1. Name every residue in region 27-48 that is on the phi > 0 side of the Ramachandran plot and modelled with pLDDT of 95 or more, in order of residue number.
2. Filter region 14-32 for residues that are near ligand 1 (Cβ under 9 Å from one of its atoms) and either within 9 Å of A75 (Cβ to Cβ) or surrounded by 18 or more Cβ atoms within 10 Å (Cβ to Cβ) (or both) and give the result.
3. Quick check on my filter: what residues within region 10-38 are part of a loop (DSSP other than H, G, I, E, B) and free of Cβ contacts under 8 Å to residues at least 24 places away in the same chain?
4. Of all residues in region 53-70, how many are within 14 Å of R38 (Cβ to Cβ) and outside any helix (DSSP H, G or I)?
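The values are calculated or read from the model by the stated rules, or taken from the named source; none is laboratory data. All values derive from a computational prediction rather than experimental measurement. Cβ placement follows ideal geometry from the backbone for every residue including glycine, while neighbour counts extend to all protein chains displayed.
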Amino acid sequence: MDPKVPGDAPEPPPQVAIIQGRQCLAYRSLSCSVCAERCPEPGAIIRERGIPRVDPMVCTGCGICQEVCPAPQNAVLVMPAPPKTLPMNWGPTNHGI
Ligand code: SF4
Ligand code: SF4
């Protein structure tokens, strides 16, 4: 198999970031916006009153937010993405767990 031939290598499965509220500093009224500042996809992390939320329709699952999260217990999970047809509020990110 020649990896230089387009379509020859299998595509990695799509992934998406999920922010776990229990670990996230911003959920505990501590100022943190590192994930939103470092995310390369405009609109993938939306901050509402300082609380970050991932838009799974925009997130590419690159994992940068997970790498840079400074919380003592990393607040970001990168998981297999749901089908893009699911509603934006899919996943535990938006339920504050
Ligand atoms: S970088 Fe981590 S702790 Fe900071 S807001 Fe993002 S998920 Fe929360
Ligand atoms: S995984 Fe990448 S694209 Fe998705 S929210 Fe994190 S930094 Fe942004």
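1. Looking only at region 27-48, we keep the residues that are on the phi > 0 side of the Ramachandran plot, and these are 29, 43.
Correct list: G43 only.
2. Once the filter is applied, which keeps residues that are near ligand 1 (Cβ under 9 Å from one of its atoms) and either within 9 Å of A75 (Cβ to Cβ) or surrounded by 18 or more Cβ atoms within 10 Å (Cβ to Cβ) (or both), region 14-32 yields A17, I19, Q20, G21, Q23, C24, L25, A26, Y27, C32.
3. Filtering region 10-38 down to residues part of a loop (DSSP other than H, G, I, E, B) leaves 10-14, 20-25, 29-33.
Of everything in region 10-38, those that are part of a loop (DSSP other than H, G, I, E, B) and free of Cβ contacts under 8 Å to residues at least 24 places away in the same chain turn out to be P10, E11, P12, S29, L30, S31, S33.
4. Final tally of qualifying residues: 7.
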